[in-house]
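Notes follow the structure.
The values are calculated or read from the model by the stated rules, or taken from the named source; none is laboratory data. Quantities reported herein were computed from a predicted structural model and do not represent experimental measurements. Here the Cβ positions follow ideal geometry from the backbone for every residue, glycine too, while neighbour counts run over all protein chains shown.
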Amino acid sequence: MTTIPTYPLARLTRAALLGSLFLASTTQSIAQAPAAITVQVNKSVAPVPKNMFGLFFEDINFAADGGLYPELVKNKSFETDDRLIGWRAIKGGSALTEYIVLSEQPISKSNTHYLRLTSRTNSPDAGLTNEGFRGMGVKQGENYNFSIYARRGPGSISGLTVTLEDEKGNTLAQTKVGGLTNEWKQYTAVLRSSATSGKAHLKMTVEGTGTVDLDVMSLFPQDTWMKRPNGLRTDLVQLLKDMKPGFLRFPGGCIVEGRTLAQRYQWKETIGDLNSRASLINRWNTEFAHRYTPDYYQSFGLGFFEYFQLAEDLGAEPLPILNIGMACQFNSAEQAPLSATTPGGPSAVATGAEAHNHADDISLETFIQDALDLVEFANGPVTSPWGAKRAAMGHPAPFNLKMIGAGNEQWGPQYIERYKPFAKALKAKYPNIELIASSGPDPGDERFKYATEQFRELKADFIDEHYYSKPEWFRENVGRYDDYPRNGPKIFAGEYAAHPATPVSPRDKNTWEAAISEAAFMTGLERNGDVVKMASYAPLFANVDAWQWGPDLIWFDNLNAYGSPSYYVQKLFSLNKGTTILPVQLPGNAKNGANNLFVSAVADDPAGDVVVKLINYSTSARPVTLNLAGAKKVGKTGKAMVMATNDLQTQNSLNEPTKLAPKEETFQVKSGSAVSYTLAPNSFTVLRIPGKK
């Protein structure tokens, strides 16, 4: 048996609490005997980890382009594999003799394709439209910045007419672009929408006849987070900000790996000038037959600089995940050689039908250097090469990076043999950077056991564990970390979500059954905060019209967004995480979860509160008696935040965004009397009990 260390109480307010306290709600008594729960206020398990509850972002479900990154034009630079994805000729292009993507004399070496239009008649049909991301979301009275690069060719084309239309073809805004020359030049305008539409599109026609070349066509809202140009979607960031997350993990997820190494996420390609960021196919575009989305690409308008900036805005620690020389093992399983001189062999060659020969062009040194350069980009002085690049993007101050993920969801000996030199090089130059190692995709199979043994021997800083399973798994595994070793690597519960059907099934929904089961599991994470230092639900975002994976924390369309029941569970834990973990004793010394009652408790020392989280997974109301052992000087009024419904299949939606959300109420605290608080059926309740300061 491992001894759990104790720590001195953090505030005199709680250290001085003596005697016992019983709580009561005004709910009328029922015949069932109250469950007696003891919270040891005068003892402690450990400090609550500062960054305990955070966010996991991956560009899945159109989370970036078409979501958090609010560029409205799809494929604005014609750089996708299908150069005209998102575009179509008006009425079949009857007035056009040519609309084709070319690469001769482009804008720049990094933006090599552009669109050429040739019109044979001066007609409103001489042009194209862009569909946006399942339409364009525009709001009445809001301004949108339009920009385009254009170059006039042979003929008499004098300008362009740019029109924002709703789904019925009604004009919402219009502008004209003139003064075209035979050299590339950027033209800008502001479109002010006269109405709100979630399915608008952009129409562009030429004035006159002849040829014109076009590139980098953008329509971007002025209303962005913190009003930044190239900023993020305000309502989505606000939902994140409201959670007060401890960390932001980015950019994934499996997109870090790519199906092949050539399709991996390369952070250096996502910084700097927007027009130099080449598009890349998103690895989720055709992964699932039931949600086939071949138009899913990453523009990288949301790149590593923007991720770091977002983390800073949220007050969260940045946690970038880097490729470690391995493509997704569920796809090609391609692996880079361990060194540039490695002549081949099982660990140095690509495998699988989709394998790329690019593995022969790069070695592990490339990936190690990328990691070293990332630390310099995030933390280096402005006089350093990569620190200068950060400063040039408008952020001379360092981002204070402290953690890096070494690979996403890899496993097996090939992963371990790449992790070792990766970790050695990082620790040699940046000993204070903590590394997070993967335990594979399953929380208990042979891959997991092998990785856990290896990383304990290697004394890794963190081991990342993932769990996607049915709701009952989460309730049954609430004690998962009770017997974990208290020394050695800490745990990052990096990805988890309850799936009522089967993971990656279109039948999976964000039900209350899923969310309340996650809440139960989280009491186990919180009680074991001396071992589990970070935890994040996954995935974070999903577009209701373009998702690949469910369930998800936050859903949105082109205009609105809502948090699922799981969102509010995560938010309640994060906003009430406290500062010190308190021991909890259930009736008869039962284990947490006995009789479907789940409990954890913390002290919020700055507020002077004791915070108790209780899950009643039962169809009946349940009275509980809370004995706060060692408590005195307690305020007369407590606060309860309650999520409850008799229907475990309850979901939120765009039409009912808060159908199931926390309801706050007060209750009277009576010291010296044996009274009880009654938990509603199928409920998650957070009780905050104040102590006098």
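Filtering the range 406-424 to residues that are surrounded by fewer than 17 Cβ atoms within 10 Å (Cβ to Cβ) and touching a Ser or Thr at 6+ places or on another chain (Cβ under 9 Å) leaves PRO413, GLU417.
Residues that are among the acidic types (Asp, Glu) and under 25 Å from LEU180 (Cα atoms) were ranked within the range 208-237; the one that is surrounded by the most Cβ atoms within 10 Å (Cβ to Cβ) is ASP215.
Taking every residue in the range 301-321 that is over 28 Å from LEU72 (Cβ atoms) and pairing it with any residue that is modelled with pLDDT of 95 or more and in a loop (DSSP other than H, G, I, E, B), at least 6 positions away or on another chain, the pairs with Cβ-Cβ distances below 6 Å are GLU317/ASN51; ILE321/ASN408.
Considering only the range 212-241, how many residues are in a strand (DSSP E or B) and of a type in the set (Ser, Thr, Tyr)? Break it down stepwise before answering.
Taking the range 212-241 as the starting set, the residues that turn out to be in a strand (DSSP E or B) are 212-221, 224, 233.
Applying the additional criterion that residues be of a type in the set (Ser, Thr, Tyr) yields 218, 224.
The total comes to 2.
When SER620 is tested against (1) touching a strand residue (DSSP E or B) at 6+ places or on another chain (Cβ under 8 Å); (2) surrounded by fewer than 14 Cβ atoms within 10 Å (Cβ to Cβ); (3) not basic (Lys, Arg), exactly one condition is not met: (1). Tell me, yes or no, whether the range 584-601 has at least one residue that is at pLDDT 95 or above and over 20 Å from LEU679 (Cβ atoms). Checked against the condition, which is being at pLDDT 95 or above and over 20 Å from LEU679 (Cβ atoms), the range 584-601 yields no hits at all.
None of LYS591, LYS613, LYS577, LYS639 is of a type in the set (D, E, K, R) and without any contact (Cβ under 8 Å) to a residue 60 or more places away in the chain except LYS639. The single condition among (1) buried (at least 21 other Cβ atoms within 10 Å of the Cβ); (2) farther than 19 Å from PHE57 by Cβ; (3) of a type outside the set (Asp, Glu) that ARG249 does not meet is (2). Residues in the range 89-109 that are surrounded by 15 or more Cβ atoms within 10 Å (Cβ to Cβ) and not hydrophobic (A, V, I, L, M, F, W, C) were compared, and the one that is nearest to GLN298 (Cα to Cα) is PRO106. When the range 545-565 is filtered for residues that are over 17 Å from VAL504 (Cβ atoms) and either of a type in the set (Gly, Ala, Ser) or assigned to a loop (DSSP other than H, G, I, E, B) (or both), the ones remaining, listed by number, are ASP545, ASP557, ASN558, LEU559, ASN560, ALA561, GLY563, SER564.
For the residues SER193, SER158, the requirement of being farther than 30 Å from LEU310 by Cβ and over 30 Å from the mean Cα position of the chain (by Cα) singles out SER158. Contact map, the range 143-159: first residue within 17 Å of THR188 (Cβ to Cβ), second residue of a type in the set (D, E, K, R) and crowded, with 19+ Cβ neighbours inside 10 Å, Cβ cut-off under 6 Å, separation 6 or more or different chains; pairs are TYR149/ASP215; ARG151/ASP213; GLY159/GLU207.
For the range 475-488, state whether one or more residues are charged (D, E, K, R), more than 30 Å from ASN682 (Cα to Cα), crowded, with 17+ Cβ neighbours inside 10 Å and free of Cβ contacts under 8 Å to residues at least 60 places away in the same chain. Within the range 475-488, not a single residue is charged (D, E, K, R), more than 30 Å from ASN682 (Cα to Cα), crowded, with 17+ Cβ neighbours inside 10 Å and free of Cβ contacts under 8 Å to residues at least 60 places away in the same chain.
Here is the figure for the range 411-429: residues that are out of contact with any strand residue (DSSP E or B) (no Cβ under 8 Å at 6 or more places or on another chain) and farther than 20 Å from ASN331 by Cβ total 8. Scanning the range 568-612 for residues that are basic (Lys, Arg) and either crowded, with 21+ Cβ neighbours inside 10 Å or part of a helix (DSSP H, G or I) (or both) turns up LYS571, LYS577.
Scanning the range 379-406 for residues that are of a type outside the set (S, T, N, Q) and closer than 16 Å to LEU248 by Cα yields a total of 7. Only one entry in ASP59, ASP82 is modelled with pLDDT under 95, of a type outside the set (Lys, Arg) and part of a loop (DSSP other than H, G, I, E, B), namely ASP82. Applying the criterion of being surrounded by fewer than 23 Cβ atoms within 10 Å (Cβ to Cβ) and not basic (Lys, Arg) to the residues of the range 500-510, the residue that is modelled with the highest pLDDT is PRO500. Can you report the number of residues in the range 637-679 which are at pLDDT 95 or above, outside any strand (DSSP E or B), of a type outside the set (S, T, N, Q) and more than 26 Å from the chain's Cα centre (by Cα)? Adding up the residues that qualify gives 1. For THR205, are the conditions met, namely being surrounded by fewer than 19 Cβ atoms within 10 Å (Cβ to Cβ) and either over 22 Å from the mean Cα position of the chain (by Cα) or in the same structural domain as LEU160 (by TED's automatic domain parsing) (or both)? It is false that THR205 is surrounded by fewer than 19 Cβ atoms within 10 Å (Cβ to Cβ) and either over 22 Å from the mean Cα position of the chain (by Cα) or in the same structural domain as LEU160 (by TED's automatic domain parsing) (or both). Please determine whether any residue of the range 261-279 is closer than 21 Å to ALA546 by Cβ, under 20 Å from the mean Cα position of the chain (by Cα) and in contact (Cβ under 8 Å) with a residue 60 or more places away in the chain. Scanning the range 261-279, I find no residue that is closer than 21 Å to ALA546 by Cβ, under 20 Å from the mean Cα position of the chain (by Cα) and in contact (Cβ under 8 Å) with a residue 60 or more places away in the chain, so the answer is no.
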